[in-house]
Amino acid sequence: MDAPAGLRDVVVTTTELGDVRGGEGFYHYRGYSAVELARTRTLEDVWFLFVEGRLPDPAERARFTEDVTALRHVPDEVREVLPAIARAGDRFTPLAGLRTALSLLAAARGLPPVWDVTPERRRADALLVSAVTPTILAALHRLRAGLPPLEPRADLSAAANWLYMVTGEVPDEARAAAVQSYLVSTVDHGFNASTFTARVVASTGSDVVSAIAAAVGAFVGPLHGGAPDRALDSLDEIGSLDRVDAWVRDKVRSGDRIMGFGHAVYRTEDPRARMLREIALDLGRRGFDPALAEFATTVERRVVEVLAELKPGRELYANVEFYAGVVMEQCGIPRSMFTPTFAASRVIGWSANVLEQAAGGKVIRPAARYVGPPAPRPLPAAAVRR
């Protein structure tokens, strides 16, 4: 049986982690509205939900937070090589460096194949990778910028600690809350390309890091996680409101993708974009780059209107990347760290998917339909060995 290109809408397995209902503009984590969780719960609460299958009570929250906070520190064997990783290449990105650092972490800590170990060991490895990934990303960013990396602070939440390690400043409550809402909203989002990649690798029985590193490789693509900075670049390119219509028409005429608009699943407004729009406007009212928030909302409205005119029936709305870039800019995160910020939360979702896949024990092995020359083909005489 042939599957549609990109496996669109093909159900490949079952999951208890969450689901995206694109026609409704709704997605959830283990049955709880992801957006409602992003508005009301901490990243640590949602992390616990993904690992344990339920939201924590106060005692469980305190214990889990203490446990994962202790795992934030980069092992010495990995720390020693981070400066060399950060100096590598003219087109360095923190996510590219992360793949190398995680591979070294797996070797240094002797992370075994998930096939060979107990669920408890898999869980421990998944927590380690999820906890240390933000620290590695922030350290690589600062080293590349010629700044000393900062040690994670146990007195800060995961979201506040991320901002601190990237910017060098302890964030105020408003910015920490904004980033936390963003991080919670991006922990998981169905069987997207990077999550599916992680599960394919996990299905082979490989180790947790191999699955996460593969997911990172898929994630950096501009058609997947690598879009928030490009969406904000589009606002810079537009420059002023009187240029929006012409800019959109030029993009459509030339066949270019308008970053930050349209989604593979949603046929209505992306609920994450709706929430982040509210956060951006609230930050603007609090004095965090109000002009950017107002400009972004006005541009969004006009882009949607022009796209509806040029592409009737396509239902193209702003997606999470459009307002993610606005919120991160308001919170002082440099654009080179927009996608790494996304990855700092998504690693929790990847890890949960790895654990779920590892429990199944079935290798993912699809088929491809061959469309090349008929086989077998006669070998040309000149090519026959004598």
Inset, instruction - Of the numbered conditions (1) modelled with pLDDT of 90 or more; (2) surrounded by 24 or more Cβ atoms within 10 Å (Cβ to Cβ), PHE295 fails exactly one; give the number of that condition. - result: (2)
Inset, instruction - Being assigned to a helix (DSSP H, G or I) and touching a Lys or Arg at 6+ places or on another chain (Cβ under 7 Å) is the filter; apply it to the stretch 222-244 and report the residue that is modelled with the highest pLDDT. - result: VAL244
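Tell me, please, whether a residue that is of a type in the set (D, E, K, R) and in contact with a helix residue (DSSP H, G or I) (Cβ under 6 Å, 6 or more places away or on another chain) can be found in the stretch 159-182. Steps first, please.
Taking the stretch 159-182 first, the residues of a type in the set (D, E, K, R) are 169, 172-173, 175.
Now narrow it down to the ones that are in contact with a helix residue (DSSP H, G or I) (Cβ under 6 Å, 6 or more places away or on another chain): none.
Scanning the stretch 159-182 turns up no residue that is of a type in the set (D, E, K, R) and in contact with a helix residue (DSSP H, G or I) (Cβ under 6 Å, 6 or more places away or on another chain).
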Legend entry - The lone exception for ARG63 - which of (1) part of a helix (DSSP H, G or I); (2) open to solvent by 20 Å² or more (accessible area, probe 1.4 Å); (3) in contact (Cβ under 8 Å) with a residue 60 or more places away in the chain; (4) within 27 Å of GLU356 (Cβ to Cβ) it fails: (3)
Legend entry - Test set (1) open to solvent by less than 70 Å² (accessible area, probe 1.4 Å); (2) among the charged types (D, E, K, R); (3) out of contact with any Gly (no Cβ under 9 Å at 6 or more places or on another chain) - ARG346 fails condition number: (3)
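Per-residue answers, yes or no, for (1) assigned to a helix (DSSP H, G or I); (2) out of contact with any Gly (no Cβ under 6 Å at 6 or more places or on another chain); (3) surrounded by fewer than 17 Cβ atoms within 10 Å (Cβ to Cβ):
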site	(1), (2), (3)
LEU127	yes, yes, no
ALA131	yes, yes, no
ILE136	yes, yes, no
LEU140	yes, no, no
PRO152	no, yes, no
VAL209	yes, yes, no
VAL216	yes, yes, no
Legend entry - Meets criteria (of a type in the set (A, V, I, L, M) and open to solvent by less than 10 Å² (accessible area, probe 1.4 Å)) for ALA96: no
Legend entry - Selection count, the stretch 36-57, where residues are open to solvent by less than 60 Å² (accessible area, probe 1.4 Å), under 19 Å from ALA344 (Cβ atoms) and in contact with a helix residue (DSSP H, G or I) (Cβ under 7 Å, 6 or more places away or on another chain): 11
Inset, instruction - Have a look at ALA382, ALA368 and point out the one that is more than 25 Å from VAL20 (Cβ to Cβ), over 19 Å from the mean Cα position of the chain (by Cα) and part of a helix (DSSP H, G or I). - result: ALA382
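Open to solvent by less than 40 Å² (accessible area, probe 1.4 Å) and either under 27 Å from ALA176 (Cα atoms) or more than 16 Å from the chain's Cα centre (by Cα) (or both), is that true of VAL200?
Answer is no for this residue.
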Inset, instruction - Provide a single number: the residues in the stretch 266-301 that are part of a loop (DSSP other than H, G, I, E, B), under 25 Å from ALA178 (Cα atoms) and not hydroxyl-bearing (Ser, Thr, Tyr). - result: 6
Inset, instruction - Output the residues belonging to the stretch 10-47 that are among the hydrophobic types (A, V, I, L, M, F, W, C), farther than 24 Å from LEU316 by Cβ and within 18 Å of the chain's Cα centre (by Cα). - result: LEU17, LEU37, LEU43, VAL46, TRP47
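The values are calculated or read from the model by the stated rules, or taken from the named source; none is laboratory data. Keep in mind that what you see is a predicted model, and the values were worked out from it rather than measured. Cβ atoms come from the backbone with ideal geometry, glycine included; neighbour counts cover every protein chain shown. With ligands, DNA and RNA removed, areas are computed over all heavy atoms of the protein, side chains included. Shrake-Rupley method; radii C 1.70, N 1.55, O 1.52, S 1.80 Å.
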